[in-house]
Amino acid sequence: MRVAATVLLVNPPQLIENIPDTKGSGILLFSENLRTSVINAGLLSIASYLDSFGISVRILDLSQHNDYDSLGSEIESSLPEIVGVSCPSALSYLEFLRCLSVTKEVSPSIVTVGGGQHVGPLGRKVFDDTSHLDILVRSEGELPMHHIVRCVLQKNGHLCDISGIIAKTSGGGLLETPFPSPVVELGKMPFLKYDLYPRCWTFTPYVEEGRGCRHKCNFCVTPGMMCRYRGKPPSRFLAELDLARGIWGDEPMFAVMTPDYGANPRGALLIADGFEKRKLTWCTEFRADSGLCRKADQLVTKGLRLLTIGLESANPDILLLMGKTHSPSKYLESVRNLLDKKPDDLTVRLSMIFYIGETHRTLSDNLKFLCHYAGLYDALTYTPLVIYPGSELEKDFDRYSRDLGCSRLHTPFWDQRHAHLCTPSRYFTADEMINFSGMVERIFSDRDAWIASRSCYYQRNDDQSRSLLRNIIDPGQTC
């Protein structure tokens, strides 16, 4: 028999509402093979935070079976007073809305709370799309959710005193409080209670090293959410690593969850020392201009086996347009040095974006780079640009459209989800962007390395998921 929960946190399924016919654009964006379940680290952090105050909390991950059937029965059995639904991506937005409606259909008195990287920047627009949302958290959720529980259930305080939320009022209006919310320093967070997450052992084990970002890339929503970078003290990170080892053991590769490993170089090396002492292997990601690019061989001796580098582009003009760097020459030189000296035991995945303003020359630079270093990197993700609400790109898109000839792609799928593919420039169509990105990704990726790089970053890491991924890319070597 289920134990009653005060708070139920829901990770919605992805891509089961209003999916378009994509036969003409291959399997790049909407293939069922790509509909893999990724652990919702934000929900687990919020659940662990609430649990540390003695608040009864459960997590329901609908992405593990991609339906809503269990939501109603979970509400009826655990009897939550608050249901929080996450929306980390535009690809789960319609599903997020459906979870809210299912909740209210089962129990209209439940207080519904929404949050996540996609809906936070949307703000009031979310309330235009649903009548089933009571409160929206616009940035990080640990402190706001705790205060919401205190206000709504314990009658301790008022919603108007919680920063960074939008809430329905009794008169039918909306209360919007100052943005952003305060945040909890990572070293003061309670340890994650991994076992709160359903079937946590089926995912790659991870420990969070940092949150937020120091940089202001134009295509990213993080700067707009006022998420300043905070790192975790190495001693605390290693204590959490030992906790994770108690669940997963020492055999699997551990993921270091961070937007920019090496933002604190000294701390990053101390963490690497901790992996070496414990004889563990690990994976992480850092920027192409990270100082750790010069220390890849040292990190490999300390157990690093898989590295993702956010290259984004090999063309200086596009890098400047992205706001990725102020010094494209140094940026590209850094990643070239890493690839030239890449240790044999290190698998490297490059990440690139088909960006606005692309021309035949900018794409030629990317292809020349990929061909020159083919065999030194092992896998590639080449992503068609999606314009997300809250990014600087979205805010200034009209100007870019006039200058570069780019335009939003308006279809029911994208309009309903409040994110848009685009015609990237006056030289290329959206279909050309999609097909080019998919072909280049597969041409320049070794299949086993590509599968490993996807399955080792927080998503389901089981035989079924790996089998699905193997259907996407040919088994041949990179060109």
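Numbers at a glance
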{"read-out": "Of residues in the range 1-55 being small (Gly, Ala, Ser), within 21 Å of Tyr68 (Cα to Cα) and assigned to a loop (DSSP other than H, G, I, E, B), the one modelled with the highest pLDDT", "value": "Ala5"}
{"read-out": "Contacts under 8 angstrom Cβ, first residue in the range 424-439 being assigned by TED's automatic domain parsing to the domain that holds Leu363 and in contact (Cβ under 8 Å) with a residue 40 or more places away in the chain, partner among the acidic types (Asp, Glu) and surrounded by 18 or more Cβ atoms within 10 Å (Cβ to Cβ), 6 or more apart", "value": "Pro424/Glu358; Ser425/Glu358; Tyr427/Glu358; Phe428/Glu358; Met433/Glu358"}
{"read-out": "Positions within the range 56-67 being touching a Lys or Arg at 6+ places or on another chain (Cβ under 7 Å) and in a loop (DSSP other than H, G, I, E, B), in sequence order", "value": "Asn66"}
{"read-out": "Any hit, the range 335-344, residues being surrounded by fewer than 21 Cβ atoms within 10 Å (Cβ to Cβ), farther than 22 Å from Val440 by Cα, outside the structural domain of Gly123 (by TED's automatic domain parsing) and not charged (D, E, K, R)", "value": "yes"}
{"read-out": "Selection status of Ser70, without any contact (Cβ under 8 Å) to a residue 24 or more places away in the chain, assigned to a helix (DSSP H, G or I) and touching a strand residue (DSSP E or B) at 6+ places or on another chain (Cβ under 9 Å)", "value": "yes"}
{"read-out": "Residue in the range 202-214 that is surrounded by fewer than 19 Cβ atoms within 10 Å (Cβ to Cβ) and touching a helix residue (DSSP H, G or I) at 6+ places or on another chain (Cβ under 6 Å) present", "value": "no"}
{"read-out": "Qualifying position, being touching a residue at least 24 places away in the same chain (Cβ under 8 Å) and over 20 Å from the mean Cα position of the chain (by Cα), among Ile59, Ile82", "value": "Ile82"}
{"read-out": "Among (1) modelled with pLDDT under 90; (2) in contact with a His (Cβ under 9 Å, 6 or more places away or on another chain), the one test that Gln477 misses", "value": "(2)"}
{"read-out": "Condition broken by Tyr382, with the remaining ones in (1) part of a helix (DSSP H, G or I); (2) surrounded by 15 or more Cβ atoms within 10 Å (Cβ to Cβ) satisfied", "value": "(1)"}
{"read-out": "Test: residue in the range 371-379 that is farther than 24 Å from Thr284 by Cα, part of a helix (DSSP H, G or I) and either in the same structural domain as Thr284 (by TED's automatic domain parsing) or without any contact (Cβ under 8 Å) to a residue 60 or more places away in the chain (or both)", "value": "yes"}
{"read-out": "Leading residue by the ranking (farthest from Asn366 (Cα to Cα)) among those in the range 444-456 that are touching an Asp or Glu at 6+ places or on another chain (Cβ under 9 Å) and in a helix (DSSP H, G or I)", "value": "Ser455"}
{"read-out": "Strands (runs of 3 or more DSSP E) (entirely within the range 202-296) containing at least 1 residues that are without any contact (Cβ under 8 Å) to a residue 40 or more places away in the chain and in the same structural domain as Val386 (by TED's automatic domain parsing)", "value": "282-287"}
{"read-out": "Residues of the range 106-130 that turn out to be of a type in the set (A, V, I, L, M, F, W, C), within 12 Å of Val83 (Cα to Cα) and out of contact with any Pro (no Cβ under 7 Å at 6 or more places or on another chain), as a count", "value": "3"}
{"read-out": "Matching entry among Lys155, Lys168, Lys125 (being in contact with an Asp or Glu (Cβ under 8 Å, 6 or more places away or on another chain) and either over 30 Å from Ala239 (Cα atoms) or among the acidic types (Asp, Glu) (or both))", "value": "Lys168"}
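The values are calculated or read from the model by the stated rules, or taken from the named source; none is laboratory data. Since the model is a prediction, treat every value here as computed from it, not as a measurement. All Cβ positions, glycine included, derive from the backbone under ideal geometry; neighbour counts span all protein chains shown.
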